[in-house]
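Have a look at the structure below before the remarks.
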Amino acid sequence: QVQLVESGGGSVQAGGSLRLSCAASGSIARIPTMAWYRQAPGKQRELVAGITSRGSTNYADSVKGRFTISRDNAKNTVYLQMNSLKPEDTAVYYCNAWVVVTTTPVGEDYWGQGTRLTVSS
């Protein structure tokens, strides 16, 4: 019913910047929260940043001051602007959204397919 499609990953040198995008589509009534997670090789998936429909945000300590999450509610799209990238930011980044669909008042968790970021030193 709902698809999340990410874009914007790639390879960048340390200190560089990159912006990820994630567009949600389908039978969407509203999206209370959207977030970015990442999973580095050999590590568990971790929350990078989250944002509510009203614009409240939260960040992992490791990215505070470097990453900025934002969203366009009209487009059901969330962005992650990543600056001052470090090799330890290398991971697969996943878009996540808690979506209320039009056919039921109950929300459900959705994930994108992931986009890879590689930061070289």
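For the reader, a short list of remarks on this structure follows.
- The lone criterion from (1) more than 11 Å from the chain's Cα centre (by Cα); (2) of a type in the set (A, V, I, L, M, F, W, C); (3) more than 19 Å from GLN1 (Cβ to Cβ) left unmet by LEU80 is number (1).
- In the stretch 83-99, the residues that are within 17 Å of GLY16 (Cα to Cα) and over 13 Å from the mean Cα position of the chain (by Cα): ASN83, SER84, LEU85, LYS86, PRO87, GLU88, ASP89, THR90
- Among the candidates LEU4, LEU20, LEU47, residue that is under 19 Å from THR118 (Cβ atoms) and either assigned to a strand (DSSP E or B) or among the hydrophobic types (A, V, I, L, M, F, W, C) (or both): LEU20
- Pairs where the first residue, in the stretch 92-121, is at positive phi and the second is assigned to a strand (DSSP E or B), C-beta under 7 Å, 6+ apart: GLY114/GLU6; GLY114/VAL92; GLY114/TYR93; GLY114/TYR94
- Taking the conditions (1) open to solvent by 30 Å² or more (accessible area, probe 1.4 Å); (2) modelled with pLDDT of 95 or more in turn, MET34 satisfies each one other than (1).
- For the stretch 51-66, a residue qualifies if it is out of contact with any Gly (no Cβ under 9 Å at 6 or more places or on another chain) and free of Cβ contacts under 8 Å to residues at least 24 places away in the same chain, and the qualifying residues are THR52, SER53, ARG54, GLY55, ALA60, ASP61, LYS64, GLY65, ARG66.
- For TYR93, the requirement of being within 22 Å of VAL12 (Cα to Cα), open to solvent by 10 Å² or more (accessible area, probe 1.4 Å) and in a strand (DSSP E or B) is not met.
- Among the candidates GLY50, GLY65, residue that is buried (at least 16 other Cβ atoms within 10 Å of the Cβ) and not polar (S, T, N, Q): GLY50
The values are calculated or read from the model by the stated rules, or taken from the named source; none is laboratory data. None of the values given here were measured: they were computed from a predicted structure. When we count neighbours, we look across all protein chains shown, and the Cβ atoms used for this are built from the backbone with ideal geometry, even at glycine. Keep in mind that these areas ignore ligands, DNA and RNA; they rest on the heavy atoms of the full protein, side chains included. Shrake-Rupley method; radii C 1.70, N 1.55, O 1.52, S 1.80 Å.
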